[in-house]
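Every read-out reported here was derived from the displayed coordinates using simple, explicitly stated rules and does not represent laboratory data. Here the structure is a predicted model, which means the values were calculated and not measured. Here the Cβ positions follow ideal geometry from the backbone for every residue, glycine too, while neighbour counts run over all protein chains shown.
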Amino acid sequence: MISESNLSFEQGPIRPPNEARSLLLRVTRNCPWNQCLFCPVYKEQKFSLRTVEEVKKDIQTARDITDDIKALSWKIGESGLITNSVISYILNNNHSYSYQSVAMWLYYGTGECFLQDADNFIMKSRDFVEILRFLREKFPDLKRVTTYSRSRTVSRKSLSEMKEIKEAGLDRVHIGLESGCDPLLKFIKKGVTADKHIDAGKKVIEAGMSLSEYIMPGLGGEAMWKEHAVDTAMVLNQIDPHYIRLRSLRVPMHAPLYQKLMNGEFKTLTDDQVVEEIKLFIETLDNNITSTITSDHIMNLLEEIKGKLPDEKENMLHVIKKYQDLPESERIIYRIGRRGGIYSSTDDLYQDQSTYDKINRSVSELSSKGPNEIERFINEMANRYV
């Protein structure tokens, strides 16, 4: 069965940043809700459930590819190991995208699998359980299996169903909480309330699964930023998830929220205002929760805001203070460097004088073109990552 290069299985368009090195398998297609104003994904796509047999066939294909890659490794003298030579051979010999993705997964050796798409708990529990058991049967060495879901969907599951899903092999659930502010949740058409967020989050944890809750700094805009920060922290205080992941708002043209931005119904915050909002959010988090905060996405201005509560809370606030204490001119240089993928820490400002000087010259050139050119340029760079 050496080098069956056309083997393929279905994969979806998105996954969490921390699942970049996971095996990606698609369980459903697109999003069953698909109404959130801030979200540009899936808007022209219809949701559909995949059958259990379809998904099991894909899992079997991924298993066959895995076995074929290991056989290939032996054939070219790499003793079954997934080495640079094996990867080079696969990338240079017209293997399918699925084949290449499995090869890279084996190369990184994470042993992790992410089940796509946006809300797999929408499946009947018995079907999801069957898929998970088959996955664990075919890949018995998996260290972690994770998926996306929505609070509204999880809240409809019984605790016994959730426990059965956990026992079948699901380890972690990623939920887009976005906000804990009910008026804002209604405005953005999230389709859920703060109480439902709390119920769902607690249910995931009680079932024995790890929980990642995503929040969206900036989502409240100018009108509701304080309520957004405080109410979201209050909801998370009640859930105490394992992870709180920051994903700052961007509004690309293909997101429904863009129209409200254009007609003045919604006004975005500046980068500095978003930083102030995050400060208020972290300050409002209780000292008796033990969540880990991460900012592992390029859309976040301050990637350094990360740490485990409560011990590292002050460290995170210090990161914010360091940025806020910078002169405005240096904040602008940092923002351009960050949005350009050059800086990941305010300390980077002082690591390379030539880079600093180059960005500073760009700031001067932009300023000479008009009062709004700097912000336009920064926003244009940031929106490339959406």
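With +1 assigned to the C-beta of every Lys and Arg and -1 to the C-beta of every Asp and Glu, and no other charges, what is the dipole magnitude of the range 150-325 about the Cα centre in debye, to the nearest 20?
Computed about the Cα centre, the dipole is about 680 debye.
Rounded to the nearest 0.05, what FRET efficiency do Leu261 and Arg126 give with R0 = 35 Å and r taken as the Cβ-Cβ distance? Could you check?
Values: r = 43 Å, r/R0 = 1.24.
It comes to 0.20.
Assuming 0.36 nm per residue, please report the length gained on full extension of the stretch Asp171 to Asp67 beyond their Cα-Cα distance. Mind dumping the intermediate values first?
Working: separation 104, 0.36 × 104 = 37.44 nm, distance 2.46 nm.
Gain in length upon complete extension: 35.0 nm.
With labels modelled as points extended 7 Å from the Cα through the Cβ direction, what inter-label distance (nm, one decimal) is found for Thr284 paired with Ile342?
My value for the distance between the label points is 3.5 nm.
Taking the Cα atoms only, what angle lies between the long axis of helix 373-382 and the longest principal axis of the chain, rounded to 10 degrees?
It is inclined by approximately 20 degrees.
With everything on Cα atoms, drop me the angle between helix 125-138 and the longest principal axis of the chain, reported from 0 to 90° to the nearest 10.
Approximately 70 degrees, to the nearest 10.
In the neighborhood of Asp141, defined by Cβ-to-Cβ distances under 12 Å, what is the net charge if each Lys or Arg adds +1 and each Asp or Glu adds -1? Please list the in-between numbers first.
Numbers: positive: Arg63, Arg136, Lys138, Lys143, Arg144; negative: Glu112, Glu137.
Result for the local shell: +3.
In the range 5-76, which GluC sites (Glu not before Pro) are in a loop and have at most 13 other Cβ atoms within 10 Å, using DSSP for the loop call?
Sites meeting the loop and neighbour criteria: Glu44.
Which trypsin sites (Lys or Arg not before Pro) from the range 120-208 combine a DSSP loop assignment with at most 16 other Cβ atoms within 10 Å?
Lys124, Lys143, Lys189
Determine the calculated [θ] at 222 nm for the chain from helices alone, applying -39500 (n - 2.57) to every DSSP H run no shorter than 4 residues and normalising by the residue count; nearest 500 deg cm²/dmol.
Values: 15 runs with 183 residues, N = 386.
The helix contribution divided over the chain gives -15000 deg cm²/dmol.
Projected onto the charge dipole of the chain (+1 at Lys/Arg Cβ, -1 at Asp/Glu Cβ, origin at the Cα centre), which of Val230, Met123, Met253 gives the Cα projection farthest towards the positive end?
Looking along the dipole axis, the top candidate is Met123.
If you put +1 on each Lys and Arg Cβ and -1 on each Asp and Glu Cβ, how big is the dipole of the chain around its Cα centre, in Debye rounded to 20? It would help to have the intermediate numbers written out before the result.
Values: 53 positive and 56 negative charges, 212 e Å.
Here the chain has a charge dipole of around 1020 debye.
Can you tell me which lysines have their Cα less than 16 Å from the Cα of Lys138? Leave out same-chain residues fewer than eight positions away.
Output for Lys138: Lys56, Lys57, Lys70.
Send over the semi-axes of the chain's equivalent ellipsoid, whole angstrom and largest first, taken as the square roots of 5 times the C-alpha gyration tensor eigenvalues.
37, 28, 20
Taking amide H positions as placed in the peptide plane 1.01 Å from N, state which residues far from Ala118 in sequence (5 or more) or on other chains have amide H under 5 Å from it.
Hits under the 5 Å cutoff: Asn30.
Mind telling me which of Asn34, Asn18, Asn315 comes out most flexible in a GNM of the chain, alpha-carbon contacts under 10 Å?
Highest fluctuation among the options: Asn18.
About its Cα centre, what dipole magnitude does the range 327-386 give when the only charges are +1 on Lys and Arg Cβ and -1 on Asp and Glu Cβ, stated in debye to the nearest 20?
Magnitude of the dipole: close to 220 debye.
Going Cα to Cα from Lys189, which lysines come in below 24 Å? Please leave out same-chain ones fewer than 8 positions away.
Here the lysines satisfying the reach criterion relative to Lys189 are Lys43, Lys46, Lys157, Lys202, Lys203, Lys226, Lys260, Lys267.
Just to check I understand the Karplus step: with θ = phi - 60° and J = 6.51 cos²θ - 1.76 cosθ + 1.60, what whole-Hz values come out for the range 354-360, glycine and proline as x?
5, 5, 4, 5, 5, 5, 4
Could you tell me which residue out of Ile278, Ser368, Tyr42 lies farthest along the dipole of the chain toward its positive end? Charges go on the beta carbon: Lys and Arg +1, Asp and Glu -1, centred on the Cα centre.
The one lying farthest along the dipole's positive direction is Tyr42.
Setting aside same-chain residues fewer than 8 positions from Lys124, which aspartates and glutamates have a Cα under 13 Å from its Cα?
In chain and number order, the partners are Glu161, Glu164.
What does the charge count around Glu19 come to, taking other residues whose C-beta lies under 15 Å from its C-beta (Lys +1, Arg +1, Asp -1, Glu -1)?
Spelling it out: positives minus negatives among the neighbours equals +4.
Could you give me the ³J(HN,Hα) list for the range 98-107, computed from phi with Karplus coefficients 6.51, -1.76, 1.60 and θ = phi - 60°, whole Hz, x at Gly and Pro?
4, 4, 5, 5, 5, 4, 5, 4, 5, 4
How large is ³J(HN,Hα) for each residue in the range 271-286, as worked out from phi by the Karplus curve 6.51 cos²θ - 1.76 cosθ + 1.60 (θ = phi - 60°), to whole Hz, x for Gly and Pro?
4, 5, 5, 5, 4, 5, 5, 4, 4, 4, 4, 5, 4, 7, 5, 5
What is the set of long-range amide H partners of Thr292 at a cut-off below 5 Å, with H atoms built 1.01 Å from backbone N?
Tyr243, Ile244, Leu309
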